[in-house]
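First up is the structure itself, then whatever we jot down about it.
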Amino acid sequence: MSAHLRQEAGEVERALARLRELALKLGAEDARPLPAGAVVVRDWVRWKCRFGCGEYGRRLTCPPFSPTPEETRRVLGEYGVCLLVKFGPCVEAGYDGGVSVHEVMFQLEREAFLSGYYAAFALACGPCPYCDVCNVREGVCRHPDRARPSMEACGIDVFATARNAGYPLKVVTSYEERPTFFGLLLLT
Ligand code: SF4
């Protein structure tokens, strides 16, 4: 590896460490770098949205409006490294005044962009929480600066991706158990 490439790799590593620190400060439980190639995309994921999720078609960041698995595969092919952010079972995926996965991921994208990683893009978890009723009727988002699709809305298999990052995620089997949430920052 040339000195220039080594320097570039070191800079990305330091940026990932800084973004991890920020994620923790904002309320995430953990965050790990992940090669973009380790993000798993499956066509069946959107079937779970279409048949089984009450929010299907109700948010502009959800299917059928969100990127298809084909598009997600193509876009992921343009990235080298991501940051997978883990939110403990004690937080909500929505914006409820506590830790909001969407808001934290937006802040991480913003910070990465302002640090020079102009291609940074955040994916959150669950339906977009910013409006009580999404503007689906007019098809125009009211908060385009910060509304981002969830990983699963884009066809990402979150279980497989989390396992690839070393998080042994398991299925929640009762309402007493709280799920763990994930967001993904595509960095460069
Ligand atoms: S910000 Fe509002 S209008 Fe935009 S996707 Fe989210 S809920 Fe819909």
Quiz item: What are the pairs, 6+ residues apart or on separate chains, where a residue within region 139-152 that is on the phi > 0 side of the Ramachandran plot has its Cβ under 9 Å from a residue that is open to solvent by less than 70 Å² (accessible area, probe 1.4 Å) and within 9 Å of the ligand (Cβ to nearest atom)?
Solution: Gly139/Leu60
Exercise. Could you tell me whether any residue of region 97-117 is without any contact (Cβ under 8 Å) to a residue 60 or more places away in the chain, in a loop (DSSP other than H, G, I, E, B) and open to solvent by less than 20 Å² (accessible area, probe 1.4 Å)?
Key: no
Quiz item: Do we find a residue being over 15 Å from Leu19 (Cβ atoms) and assigned to a strand (DSSP E or B) anywhere in region 126-149?
Solution: no
Quiz item: When the residues of region 127-150 are filtered to those that are in contact with a strand residue (DSSP E or B) (Cβ under 7 Å, 6 or more places away or on another chain) and more than 8 Å from the ligand (Cβ to nearest atom), which remaining residue is farthest from Val39 (Cα to Cα)?
Solution: Arg148
Practice problem: Please specify each residue of region 20-79 satisfying the condition of being within 21 Å of Cys141 (Cβ to Cβ), of a type in the set (A, V, I, L, M, F, W, C) and part of a loop (DSSP other than H, G, I, E, B). | Solution: Cys53, Leu60, Cys62, Phe65
Practice problem: Could you list all residues from region 158-168 that are under 22 Å from Pro69 (Cα atoms), assigned to a loop (DSSP other than H, G, I, E, B) and open to solvent by 20 Å² or more (accessible area, probe 1.4 Å)? | Solution: none
Practice problem: For region 173-183, state whether one or more residues are open to solvent by 20 Å² or more (accessible area, probe 1.4 Å), within 11 Å of the ligand (Cβ to nearest atom) and either in a helix (DSSP H, G or I) or within 26 Å of Glu70 (Cβ to Cβ) (or both). | Solution: no
Quiz item: Does at least one position in region 19-31 carry a residue that is within 23 Å of Ser115 (Cβ to Cβ), surrounded by fewer than 17 Cβ atoms within 10 Å (Cβ to Cβ) and more than 16 Å from the chain's Cα centre (by Cα)?
Solution: yes
Exercise. Mind telling me which of the residues Ala153, Ala120, Ala124 ends up being at pLDDT 95 or above, in contact with a helix residue (DSSP H, G or I) (Cβ under 6 Å, 6 or more places away or on another chain) and within 16 Å of the ligand (Cβ to nearest atom)?
Key: Ala124
Quiz item: Within region 60-86, how many residues turn out to be within 16 Å of the ligand (Cβ to nearest atom) and open to solvent by 30 Å² or more (accessible area, probe 1.4 Å)?
Solution: 4
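The values are calculated or read from the model by the stated rules, or taken from the named source; none is laboratory data. Given the structure is predicted, the values throughout are model-derived calculations rather than measurements. Glycine gets a Cβ as well: all are built from the backbone with ideal geometry, and neighbour counts include every protein chain shown. SASA here: full protein model, heavy atoms, side chains in, ligands and nucleic acids out. Shrake-Rupley method; radii C 1.70, N 1.55, O 1.52, S 1.80 Å.
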